[in-house]
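K.L.:
Following this message is one structure expressed as structure tokens.
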Amino acid sequence: MDATAGEAGEHDFVDVLIVGAGISGIGAAYYLQRDHPGRSYAILEARGASGGTWDLFRYPGIRSDSDLHTFGYEFRPWRSDVVLADGDSILAYLRDTAAEHGIDRHVRYHARALAASWSSADARWTVDVADTETGARSTVSCRWLFCAAGYYRYDEGFNPHFEGRDRFPGPIVHPQQWPADLDYAGKRVVVIGSGATAVTLIPAMAASAGHITMLQRTPSYVLPVPSRDKLNRRLTRLLGFERSYPITRWLNSTRAVLLWRFCQKWPRAARKVIRDLNVKLLPDGFPVDEHFNPPYNPWDQRMCMVPDGDLFRAISGGKASVVTGPIETFTSGGVLLADGRTVDADIIITATGLNVQPFGALTLTVDGAPVHVPERLVYKGMMLSGVPNFAFVFGYTNNSWTLKVGLVGEHFTRLLSHMDARGYDTARPVAADPAMPSKPFTDFQSGYIRRALDQFPRQGTRAPWRISPTYRGDVKLLRRGRVDDPELRFETAKQASEAAVS
Ligand SMILES: Cc1cc2nc3c(=O)[nH]c(=O)nc-3n(C[C@H](O)[C@H](O)[C@H](O)COP(=O)(O)OP(=O)(O)OC[C@H]3O[C@@H](n4cnc5c(N)ncnc54)[C@H](O)[C@@H]3O)c2cc1C
């Protein structure tokens, strides 16, 4: 780690401290060192490895559910026509990117950022760090804090209470803590859930499991997508990777937004299109409305994508089935539903989701006053009202997360250049109209988001306090838009300390 002041390990100082070495943290580091090679930076990573999500999740079949030409970085082409890539390939891509650009040398592993306090007098953050192996504490100070800590807890997934859990004698596994030695060959497996994890697990396990049942309380929309991008393959043959990548990226990000808009604008038509695709891939007489027709509109919650309809093929092949209904209790033989039906099981997988946690559970203080995040507004989708020199990434729900990493990374480095040119140390978003009405961070209806919405900052009703729901909107705001704004207050440390005293 670069230490330009004090003794390394005690009073480390870096210009920019990034929290998290996942796809966001590695991406942020790339833009920072590309545009500001003279600035020192470090990445704090609580775990012993980089990659975040793509290192943590180890369940069979783990893969992306958005295409890699948009989930990959803009600056490093995804060199394959595979659309939804497996977890190992994504992890290798991330680590290769970090190694190729020397970013891995800046990562400090087993270092969890616990709390950060801002001093206007010094124009610095002081960050408390815990060594996750030894528990030892240290501090790092920095000019800017960049939070790339993802959006969920790593220590445990969401585990709702199921009656009779103790009565079930077999393994009960949450996909976030997948045991490497779980033997499911020939076994009857029940997967509780209907989200991206469940629809990934089922086809992946179906080949060797005896039988696998997707047990869901309510259905999700499941959209078959081609596993290979034929257009990208043709473009690559014609133009090469470097030139075909931005075109495919543009096409795919546009397609994702068009699909989302179509679903929002014409939900009935969208529902019918998805239903027709499902019917085509399911066996004759399959009760499609019971199992694949959700009570909400398409894209009100995250849509599940299945490559070449693999889930439907597993169902048609007889290795997988779907049961829809609320659970009454686990039993010694499996699961009893509220309507009296039973599902026999040797293994139960609770694919019940994540525990969302904003900003890596980091506690923020500004000049001694605690920052209560739910009372803050989001500025341009990347900073918080009243919190100086703090940026973060929270990606799209209707498009690849990484698209936002690129735009925030670029805007952030432009902001630093703007401040350098004018001698500013501090940038603090302050709403001109503090009584501006606010609304929740997102109107996305997925359960994991709804459960945690009260921990998130809110958004305003006008720019720059409104969060753009689409990539195109952010291209306008973050890539083409100016970095200065009447509601982003710039100061020198001296001005800020005088203001804090008066
Ligand atoms: C199974 C699964 C599949 C997904 N598939 C897709 C997809 O196909 N497309 C898509 O767009 N999105 C997908 N997502 C969402 C996905 O998490 C993000 O797209 C992306 O990987 C998030 O990257 P990140 O770097 O922001 O966060 P993460 O990958 O969560 O990485 C955050 C890192 O920060 C570290 N960290 C957290 N808090 C602290 C702290 N206080 N101190 C130090 N370190 C800390 C963590 O240990 C972790 O390494 C998926 C999510 C899951 C769970």
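K.L.:
Report, largest value first, the span of the C-alpha coordinates of the chain along each principal axis, in whole Å.
P.N.:
Projected onto its principal axes, the Cα set of the chain covers 73, 54, 47 Å.
K.L.:
Are there trypsin sites (Lys or Arg not before Pro) in the stretch 355-461 that DSSP marks as loop and that have at most 15 other Cβ atoms within 10 Å, and which are they?
P.N.:
Taking the stretch 355-461 and a limit of 15 other Cβ atoms within 10 Å, the loop trypsin sites (Lys or Arg not before Pro) found are ARG451.
K.L.:
Going by how many other beta carbons lie within 10 Å of each one, how would you line up LEU238, LEU223, LEU91, LEU145, fewest first?
P.N.:
The most exposed by this proxy come first: LEU238, LEU223, LEU91, LEU145.
K.L.:
Give me the compactness ratio for the stretch 260-413, meaning the Cα radius of gyration over 2.2 N^0.38 Å.
P.N.:
1.47
K.L.:
Taking other Cβ within 10 Å of each residue's Cβ, how do ASP88, ASP339 sort, fewest first?
P.N.:
The fewest-first ordering by Cβ neighbours comes to ASP339, ASP88.
K.L.:
Starting with the fewest neighbours, write out HIS411, HIS161, HIS101 ranked by other beta-carbon atoms found within 10 Å of each beta-carbon.
P.N.:
The most exposed by this proxy come first: HIS161, HIS101, HIS411.
K.L.:
Please get the size of the charge dipole for the chain, origin at its Cα centre, with Cβ charges of +1 on Lys and Arg and -1 on Asp and Glu, quoted in debye to the nearest 20.
P.N.:
Using Cβ point charges on Lys, Arg, Asp and Glu, the chain gives about 1940 debye.
K.L.:
Moving on. Using all Cα-Cα distances in the stretch 51-176, what percent lands in each 5 angstrom bin from 0 up to the longest?
P.N.:
Whole-percent P(r) values from 0 Å outward: 2, 8, 13, 15, 15, 14, 13, 10, 6, 3, 1, 0, 0.
K.L.:
Now for a separate question. Using the alpha-carbon centroid of each, what span in Å lies between the stretch 45-60 and the stretch 183-216?
P.N.:
With the stretch 45-60 and the stretch 183-216 each reduced to a Cα centre, they are spaced 22 Å.
K.L.:
Specify the longest stretch of the chain that does not include any exposed loop site, a site being one of the GluC sites (Glu not before Pro) with a non-H, G, I, E, B DSSP assignment and at most 10 other Cβ atoms within 10 Å.
P.N.:
134-502
K.L.:
Return the inverse of the average 1/r over all pairs of distinct C-alpha atoms in the stretch 26-71, which is the Kirkwood hydrodynamic radius, in Å to one decimal.
P.N.:
Taking every pair of different Cα atoms in the stretch 26-71, averaging 1/r and inverting gives 13.2 Å.
Here, each number is a calculation from the coordinates, and none is a lab measurement. Since the structure is predicted, the reported quantities are computational estimates derived from the model, not experimental observations. Note that we place each Cβ from the backbone using ideal geometry, even for glycine, and neighbour counts take in every protein chain shown.
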